[in-house]
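Below is one structure, written out as structure tokens; comments come after it.
The values are calculated or read from the model by the stated rules, or taken from the named source; none is laboratory data. Owing to the predicted nature of the structure, the values given are computational and were not obtained by experimental measurement. We place every Cβ from the backbone using ideal geometry, glycine too, and count neighbours over all the protein chains shown. All accessible areas refer to the heavy atoms of the entire protein, side chains included, with ligands and DNA or RNA removed. Shrake-Rupley method; radii C 1.70, N 1.55, O 1.52, S 1.80 Å.
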Amino acid sequence: MKDKRTFSKLHFHVLYGAGFGLFGIVQLNFAFPLGDGTIIDFRQVSILASVYLGGPVSGMITTSVIALYRLFFLGAINQAAILGVVNIGITFLVGVFAFSRTLPNMYRWLIAACGMVILSTCILLPLIGWANIGTIVLFDLICFMACLFNYLLINHLEKAHEALEIFKEAAERDFLTGLHNPRSFNLVFKKTAEMSALNQEPFTLLLIDIDHFKYVNDTYGHAAGDVVLSRLADVLQAGIRIRDYCARKGGEEFAVLLLRCTADKGLAVAEKLRAAVQDSTFVLPDQSTIQITISVGVSSFPEHPPAELLEKADEALYEAKGKGRNQVCYARQQLT
């Protein structure tokens, strides 16, 4: 069952469009009247920001909201009002053109700003004439600076968001292997269990442990052990689907969540991973090579309750170790 609270990309575009449209109305009401019904404002900035952040759909909504308000709620419909609406429409087209270019953001905003200035000049000259060219130039300069301020503000917010995403990613990743860390695994496992139980979709959990890893550290050193862990993470990631989830649980133990995967298919994946690790060669820092093996414990839903999956997989892993390692064991089901 799809979560009805989830917003699609289109929903965000509509919200952007409506939000910038309302902001444009505010700008219309804090405008500079020049007489004869002519009103100078910065509605263009709202339209350009809307197109930049939300694309043509968002920009079209913003343009429509501002145009309708300008025509029907801001004085009589006269030449100035009609030219103002034309200005709004052309600004939208300028924004779509500028922001569809494959150029760095600064250049795209410069194109948009220059287009807006040329457009404003062409609209204002017939209205107030060459006698007021100084006013037009001042307005163009203010509009140009407002556009650049918009770029600087949005650019700063985007960089802040990127930095936040980097910090978030670092908080969720194991520094050595690049896999998700235990904290991230616990959150994803909990969410997966809840959604699978709600939708009655199977999923399988694999707990993986490197056999005799202490021997690797003691014999070749901890740097070699780190290389083995990092390389093993690559082998595990290569052996599962993109939608599946691999994490380092700690030490030499790893966990894999196979989404929408039955017990039989999960056992097949576990066996494939075990064989892939056994057949892989691990190159150590001194260029010597070793081979390792893994033991895998498997549990699955709905065969086991979500609350018992970790415990059951751990019991199966312990059984695989007890049977001689380098093998896959499935969790025993409780008899009722």
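Side notes on the structure shown:
- Using C-alpha pairs under 8 Å with a sequence gap of at least 6, the mean separation divided by the residue count of the chain gives a relative contact order of 12 percent.
- On region 92-226, 69 percent of the accessible area sits on carbon and sulfur atoms, based on a 1.4 Å probe.
- Pairs of Cα atoms farther than 29 Å apart, the chain, %: 58 percent
- Of the residues TYR215, ALA238, VAL228, the one whose Cα sits farthest towards the positive end of the charge dipole of region 163-306 is ALA238 (charges of +1 on Lys and Arg Cβ, -1 on Asp and Glu Cβ, taken about the Cα centre).
- Most positive-pole-ward Cα, PRO104, ALA131, MET116, against dipole of region 96-176 from beta carbon charges: ALA131
- Taking the Cα atoms of region 20-143, the ratio Rg/Rh between the radius of gyration and the Kirkwood radius comes to 0.96.
- Taking amide H as placed 1.01 Å from N in the peptide plane, the amide H of LYS249 sits under 5 Å from that of PHE254, ALA255, each at least 5 places away or on another chain.
- Theoretical FRET efficiency, 1/(1+(r/R0)^6), r = Cβ-Cβ of LYS272 and LYS9, R0 25 Å, to 0.05: 0.10
- For the chain, a crude dipole built from +1 on the beta carbon of Lys and Arg and -1 on the beta carbon of Asp and Glu, taken about the Cα centre, is about 720 debye to the nearest 20.
- Per-residue [θ]222 nm for the chain (sum of -39500 (n - 2.57) over DSSP H runs n ≥ 4, rounded to 500): -21500 deg cm²/dmol
- Kirkwood hydrodynamic radius of region 214-332, from the reciprocal of the average inverse Cα-Cα distance over all distinct pairs: 15.0 Å.
- For region 130-288, fraction of C-alpha pairs farther apart than 29 Å, in %: 42 percent
- Order by protection proxy (mean Cβ within 10 Å, highest first), peptides 210-222, 105-117: 105-117, 210-222
- When +1 charges are put on Lys and Arg Cβ atoms and -1 charges on Asp and Glu Cβ atoms, the dipole computed for region 184-336 relative to its Cα centre reaches about 280 debye.
- Each residue of region 110-121 is assigned a 3J(HN,Hα), and the resulting list reads 5, 4, 5, 5, 5, x, 5, 5, 4, 4, 4, 5 Hz, derived from the Karplus form 6.51 cos²θ - 1.76 cosθ + 1.60 (θ = phi - 60°), x at Gly and Pro.
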